[in-house]
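Participant: One structure, pasted below without further comment.
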Amino acid sequence: MTIGIDNLSEAAVPAAGSWAGHLAEWTARRLEPVVIGLGAILIGLVLFSLFILALGKSPLLLFQLMYTGGFASWFSIQNSLSRAAPLLLTALCVALPARLGLVVIGGEGALALGGVAAAAAALPLAHLLPPVPTLAGIALAAMLAGGIWIGCVGALRHYRGVNETISSLLMSYIAIAVMNQLIEGPLRDPASLNKPSTLPLPADYLIGPLPGMDVHWGFAIGIATCVLSYLLIETTTWGFAARVAGGNTRAAEVQGLPVGRLIVGFTALAGACAGLAGMIEVAAVQGSANGSLIAGYGYTGILVAFLARHNPLAIIPVAILIGGIDASGGLIQRRMGLPDATVLVLQGTLFVVILACETLYGRFKPFNPDLWKRDL
Amino acid sequence: MAVIRDRPLPVAGQAVSVETLDMTMRFGGFTALDNVSLRFPAGGFHALLGENGAGKSTLVKCIMGFYRPTSGSLMIDGREVEVASPRDAALYGLGMVYQHFTLVPSLTGAENLVISRAEVPTVINWAKERRLLADFMAGMPFDIPLDRPVRDLAAGQKQKLEIVKQLYLGRSFLVLDEPTSVLTPAEADEMLGLVRGMTERGELTVLMISHKFHEVRKFADTVAILRRGRLIGSGRVEDLSTAEMAAMMIGDVKLAELDDRVPTSPTASPVLRIDQAVAPDRSGLKVVEIADLGVRAGEIVGVAGISGNGQKELAEMLAGQRPLTSGRILVGDKPYGASRTDTVEHKVRFIPEEPLQNACAPKMSVAENLYFRAFDRAAGGGRTFKLSRPAMRRHAASLVADFKVKTSSLASPIAALSGGNVQRAVLARELTGDVDLLIVANPCFGLDFSAVAEIRARIMRARNAGAAVLLISEDLDELLELSDRILVMSEGRIVYETHAQTADVAVIGAHMAGHH
């Protein structure tokens, strides 16, 4: 005797929910990270205010200066955007591997190597080619250097089981040491006396400003890279495969997905982004590779990526916000007599609160449609 | 919190009675336990039956002080007591043996016993402890070597040691939570027989959580059945038939029945062949060696064995998660590397055990999880680069409807589904489309009856439709029900093969235990 399975369990097929129901659900799922993220920032600001109060200063004045320094005028906005440019790319260096479940924090090293590779490639290329192909060439060199560096982190992780967080951090120190070695040795411009640097790029080979603003093209490149990364993750089968591998490596293996290639590919891509950030710093800001490349962009990028929950599109506003906070550091120093590092305290506080708030996801009924229909 | 007692502590080796009165436990608006009043008389062997989520473990956790019941009270030997913590439960002589071992593998049995005491001296006088332990063990019906590290003991011995540990700690009431799930049939019978002896001598009261009717029939005096947090029935075991117990457990749900077994064609070609395949096991110290294993189209080959004898490794070898050191795996006479191309070309599907951990990305949506097999296939069958979300939603909607996956929405993370529905979703994904080879590992572990029946029926259907099925399971009843042939794995090798219809459980059990 056979009983058809199909008429057995009275399990309900998801109710053909109304149009409004779907919209509510969609909105709830998208609002959750925004609300929790903003809530976390608010908590972070409160904690930071306590710190400022303890120093005997006014947090309100500080926040006002932060706004003035970061966003109040066209000048300060342009300054913020310029600072956001490398953050967009170093944040991608964290966000792309994060979609595979990897926490890579070595963007600083890839940025340094990218900068040096760009400066090194500029020497021969600038003699041979006009500016635009030269810039393309040095960008490629920088992306290769950064890509290979962080790609190694991914390969170590997959094939040798080395923790990627530790290895990327340690390799970052190696990369910075290699950079210092090169700019003080073989690549040093003999004319750079106090501050060892590579030979400067000829002025007409520098990345210029965007039309009508004082913000260099690096910002546009960063935005474009974020958008491309988003499209890669959300609309291609590679991105889907990477998310499966990040969601559960074992499940991905059972599906026959090439987990190793995905990990190495995405980490290399991430490194390429950070390398590109180094190239932009060299070709748009510094003019040569020197110690100023190590300005903490790689580390601030970690904060940006986590704040954006590793969503490449969300990285754009977050990077601008953090760029603005960075930009206001000088003003705070001058007007309030607080050290420049005060903004770093704020960033650190925000980071810790963000991480602590990760556990809140799914806990709030208004944002969790799975709790709506169940009477728990 | 200090506990004020108006009576002396229970005497070790003297059974106590336990009674719950109108015990209710609510979690938010959800009632996990609804006015359950049960009496477990001293010196009885009581069984508690119920499906997953019926409230068995909630009840036991209330008794053991892990939860504080929302309302209701607990009586021990006829007096109301307050058990606010597991520590209080221990004071009253209540103890529990968990489904999974809680012993320290690197320590010997004696060390495990001594360190488990509530008060261990800073400096342990081992000579004295060993003497005391020897005296203690002399009075025990169990015979366990206490001087060997626990990791060297067989599963049955470990389980006995868990029980001995509770007795050593002076328990008079013992909860056994599915105590035989890791034992061979013979080990289970022996262990339960010994415990039963202790209850008959009035040394112990036992409450056993189980879902195996034959164990309940053979060893328990009384049985209580919970369903959805309520006490549905209770009584003496001999007054209830197995069918009555099952009906009370499940309620008015009709179970899927297996399709009739279509005879396997004698000329059916082997779809899967494993030839002298060798791979290291989890510890890396031993190897798993499958000399020769073949599965033909339209047949289910069951692999039996006690957990940890290489079945996991075998499944991993087939899933491409464990590279072979030598030998080969052939599917359709071609070497098989478990790559995406291979799985698509040979139509290989995989249902691993614990599907949420091994076959799903828990935080991805139901729709995305259902799309794992199909996302890179273009309409024509070739590979595609573009991910189509509308196609994904259509695919998911049709699978969810076909397999009756209960989900509040396709956009819900799959981790929000119940275990049975996760398993249904995985089955939907893996059994949709042509399947030539299906590899299944412990598909029903931890699922309720209706889900189990449905999943088994689906596997049988796949077999009848011509798929070759390799079923790796720790549940011998499941293997006997579904398989055409049964292989027994022990210590990384296949040690025995039999036809399922003529199989002798005792012989299979002996091979599982390593007697061959």
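Participant: Are any residues in the range A:29-86 of a type outside the set (A, V, I, L, M) and not in a helix (DSSP H, G or I), and if so, which ones?
Facilitator: Once the filter is applied, which keeps residues that are of a type outside the set (A, V, I, L, M) and not in a helix (DSSP H, G or I), the range A:29-86 yields A:GLY56, A:LYS57, A:SER58, A:SER73.
Participant: Just one of (1) at the interface with another protein chain (Cβ under 9 Å from one of its Cβ atoms); (2) closer than 30 Å to A:ARG309 by Cα; (3) hydrophobic (A, V, I, L, M, F, W, C) trips up B:VAL348, so point out which.
Facilitator: (2)
Participant: Got a sec? Which of A:VAL318, A:VAL345, A:VAL352, A:VAL304 is closer than 28 Å to A:ALA270 by Cα and over 18 Å from the mean Cα position of the chain (by Cα)?
Facilitator: Sole residue among the options that is closer than 28 Å to A:ALA270 by Cα and over 18 Å from the mean Cα position of the chain (by Cα): A:VAL345.
Participant: While we're here: Just to be sure, is B:PHE449 of a type in the set (Phe, Trp, Tyr), within 13 Å of another protein chain (Cβ to nearest Cβ) and either in contact (Cβ under 8 Å) with a residue 60 or more places away in the chain or in contact with a Cys (Cβ under 7 Å, 6 or more places away or on another chain) (or both)?
Facilitator: The answer is yes for B:PHE449.
Participant: Okay, next question. In the range B:174-193, how many are within 15 Å of B:ILE306 (Cα to Cα) and open to solvent by 10 Å² or more (accessible area, probe 1.4 Å)?
Facilitator: 6
Participant: Tell me yes or no: at least one residue of the range B:197-211 is assigned by TED's automatic domain parsing to the domain that holds B:LYS61 and at pLDDT below 85.
Facilitator: So far as the range B:197-211 goes, yes, one or more of its residues are assigned by TED's automatic domain parsing to the domain that holds B:LYS61 and at pLDDT below 85.
Participant: Sticking with this one: May I ask you to list pairs of residues, at least six apart or on different chains, whose Cβ atoms are under 7 Å apart, with the first in the range B:458-481 being more than 16 Å from B:ALA256 (Cβ to Cβ) and the second being in a helix (DSSP H, G or I) and of a type in the set (Gly, Ala, Ser)?
Facilitator: That search, which allows pairs on different chains as well, returns B:VAL469/B:ALA462; B:ILE472/B:ALA315.
Participant: With the checklist (1) more than 9 Å from chain B (Cβ to nearest Cβ); (2) touching a Ser or Thr at 6+ places or on another chain (Cβ under 9 Å); (3) at pLDDT below 80 in hand, flag the one item A:SER18 doesn't pass.
Facilitator: Tallying (1) more than 9 Å from chain B (Cβ to nearest Cβ); (2) touching a Ser or Thr at 6+ places or on another chain (Cβ under 9 Å); (3) at pLDDT below 80, A:SER18 fails exactly one: (2).
Participant: Within the range B:463-472, can you find the residues that are surrounded by fewer than 21 Cβ atoms within 10 Å (Cβ to Cβ) and within 14 Å of chain A (Cβ to nearest Cβ)?
Facilitator: Taking the range B:463-472 first, the residues surrounded by fewer than 21 Cβ atoms within 10 Å (Cβ to Cβ) are B:464-466.
B:ASN464, B:ALA465, listed by residue number.
Participant: State whether one or more residues within the range B:113-121 are closer than 28 Å to B:GLY65 by Cβ, among the small types (Gly, Ala, Ser) and either at pLDDT 90 or above or surrounded by 15 or more Cβ atoms within 10 Å (Cβ to Cβ) (or both).
Facilitator: Looking for residues that are closer than 28 Å to B:GLY65 by Cβ, among the small types (Gly, Ala, Ser) and either at pLDDT 90 or above or surrounded by 15 or more Cβ atoms within 10 Å (Cβ to Cβ) (or both), one finds at least one in the range B:113-121, hence yes.
Participant: Give the number of residues within the range B:421-438 that are part of a helix (DSSP H, G or I) and more than 9 Å from chain A (Cβ to nearest Cβ).
Facilitator: Selection size over the range B:421-438: 9.
Participant: Suppose we keep only residues that are away from chain B (no Cβ under 14 Å) and open to solvent by 30 Å² or more (accessible area, probe 1.4 Å) within the range A:226-239. Which one would you say is farthest from A:THR134 (Cα to Cα)?
Facilitator: Residue satisfying both the conditions and the ranking: A:VAL227.
Participant: Here is a further query. Does any residue of the range A:107-123 turn out to be open to solvent by 20 Å² or more (accessible area, probe 1.4 Å), at pLDDT 90 or above and touching a Phe, Trp or Tyr at 6+ places or on another chain (Cβ under 6 Å)?
Facilitator: Yes: one or more hits.
Participant: Now, a different point. Looking at the range B:138-160, which of the residues that are assigned to a helix (DSSP H, G or I) and out of contact with any Asp or Glu (no Cβ under 8 Å at 6 or more places or on another chain) is most open to solvent (accessible area, probe 1.4 Å)?
Facilitator: Out of the qualifying residues, it is B:ARG151.
Participant: Report whether or not B:SER409 is more than 30 Å from B:GLN99 (Cα to Cα), at the interface with chain A (Cβ under 10 Å from one of its Cβ atoms) and surrounded by 21 or more Cβ atoms within 10 Å (Cβ to Cβ).
Facilitator: Working: more than 30 Å from B:GLN99 (Cα to Cα): yes; at the interface with chain A (Cβ under 10 Å from one of its Cβ atoms): yes; surrounded by 21 or more Cβ atoms within 10 Å (Cβ to Cβ): yes.
Yes; evaluated as a whole, the condition is true for this residue.
Participant: Going through the range B:168-190 one residue at a time, which ones are hydrophobic (A, V, I, L, M, F, W, C) and modelled with pLDDT of 85 or more?
Facilitator: Of everything in the range B:168-190, those that are hydrophobic (A, V, I, L, M, F, W, C) and modelled with pLDDT of 85 or more turn out to be B:LEU169, B:PHE173, B:LEU174, B:VAL175, B:LEU176.
Participant: Residues that are farther than 27 Å from B:SER490 by Cβ and either open to solvent by 20 Å² or more (accessible area, probe 1.4 Å) or modelled with pLDDT of 85 or more (or both): which helices (runs of 4 or more DSSP H) entirely in the range B:312-389 hold 3 or more of them?
Facilitator: B:340-346, B:366-370
Participant: Looking only at the range B:219-241, how many residues end up being outside any loop (DSSP other than H, G, I, E, B) and open to solvent by 50 Å² or more (accessible area, probe 1.4 Å)?
Facilitator: Qualifying residue count, the range B:219-241: 8.
Participant: If you don't mind, another one. With respect to B:GLU129, determine if the residue is without any contact (Cβ under 8 Å) to a residue 24 or more places away in the chain, farther than 26 Å from B:GLU178 by Cα and open to solvent by less than 20 Å² (accessible area, probe 1.4 Å). Write out each step before concluding.
Facilitator: Details: without any contact (Cβ under 8 Å) to a residue 24 or more places away in the chain: yes; farther than 26 Å from B:GLU178 by Cα: yes; open to solvent by less than 20 Å² (accessible area, probe 1.4 Å): yes.
Spelling it out, B:GLU129 is indeed without any contact (Cβ under 8 Å) to a residue 24 or more places away in the chain, farther than 26 Å from B:GLU178 by Cα and open to solvent by less than 20 Å² (accessible area, probe 1.4 Å).
Participant: Also: Residues B:LEU74, B:LEU48: which one is part of a strand (DSSP E or B), out of contact with any Cys (no Cβ under 7 Å at 6 or more places or on another chain) and under 25 Å from B:ARG117 (Cβ atoms)?
Facilitator: After ruling out the rest, the residue left standing is B:LEU74.
Participant: Just for helices (runs of 4 or more DSSP H) wholly inside the range A:261-376: which have at least 3 residues that are crowded, with 22+ Cβ neighbours inside 10 Å, modelled with pLDDT of 90 or more and of a type in the set (Gly, Ala, Ser)?
Facilitator: Of the helices (runs of 4 or more DSSP H) lying wholly inside the range A:261-376, those with at least 3 residues that are crowded, with 22+ Cβ neighbours inside 10 Å, modelled with pLDDT of 90 or more and of a type in the set (Gly, Ala, Ser) span A:297-307, A:312-327.
Participant: Would you point out which residue out of A:LEU113, A:LEU125, A:LEU102 is in contact with a Ser or Thr (Cβ under 9 Å, 6 or more places away or on another chain) and either within 10 Å of A:GLY278 (Cβ to Cβ) or assigned to a loop (DSSP other than H, G, I, E, B) (or both)?
Facilitator: So the residue among A:LEU113, A:LEU125, A:LEU102 that is in contact with a Ser or Thr (Cβ under 9 Å, 6 or more places away or on another chain) and either within 10 Å of A:GLY278 (Cβ to Cβ) or assigned to a loop (DSSP other than H, G, I, E, B) (or both) is A:LEU102.
Participant: Let me ask something additional. Would you confirm, using the coordinates I've provided, whether B:PRO141 is at pLDDT 85 or above and not assigned by TED's automatic domain parsing to the domain that holds B:ILE508?
Facilitator: no
Participant: If we keep just the residues of the range B:61-89 that are hydrophobic (A, V, I, L, M, F, W, C) and surrounded by 19 or more Cβ atoms within 10 Å (Cβ to Cβ), which is farthest from the chain's Cα centre (by Cα)?
Facilitator: The extreme case among them is B:VAL81.
Participant: Right, next: Going through the range A:240-281 one residue at a time, which ones are in contact with a Phe, Trp or Tyr (Cβ under 8 Å, 6 or more places away or on another chain), over 12 Å from A:LEU100 (Cα atoms) and at the interface with chain B (Cβ under 10 Å from one of its Cβ atoms)?
Facilitator: Listed by number, the residues that qualify are A:ALA251, A:VAL254, A:GLN255.
Participant: What residue, of A:ILE221, A:ILE302, A:ILE233, A:ILE263, is in contact (Cβ under 8 Å) with a residue 24 or more places away in the chain and either aromatic (Phe, Trp, Tyr) or within 27 Å of A:ALA121 (Cα to Cα) (or both)?
Facilitator: Within the list A:ILE221, A:ILE302, A:ILE233, A:ILE263, the selection yields A:ILE221.
Participant: Is at least one residue of the range A:202-225 out of contact with any His (no Cβ under 7 Å at 6 or more places or on another chain), within 7 Å of chain B (Cβ to nearest Cβ), among the β-branched types (Val, Ile, Thr) and open to solvent by 40 Å² or more (accessible area, probe 1.4 Å)?
Facilitator: No - not one qualifying residue is present in the range A:202-225.
The values are calculated or read from the model by the stated rules, or taken from the named source; none is laboratory data. Quick caveat: nothing in here was measured; it's all calculated off a predicted structure. Positions of Cβ are generated from backbone atoms using ideal geometry, with glycine treated the same way; all protein chains shown enter the neighbour counts. Surface areas here come from the heavy atoms of the whole protein model, side chains and all, with no ligands, DNA or RNA. Shrake-Rupley method; radii C 1.70, N 1.55, O 1.52, S 1.80 Å.
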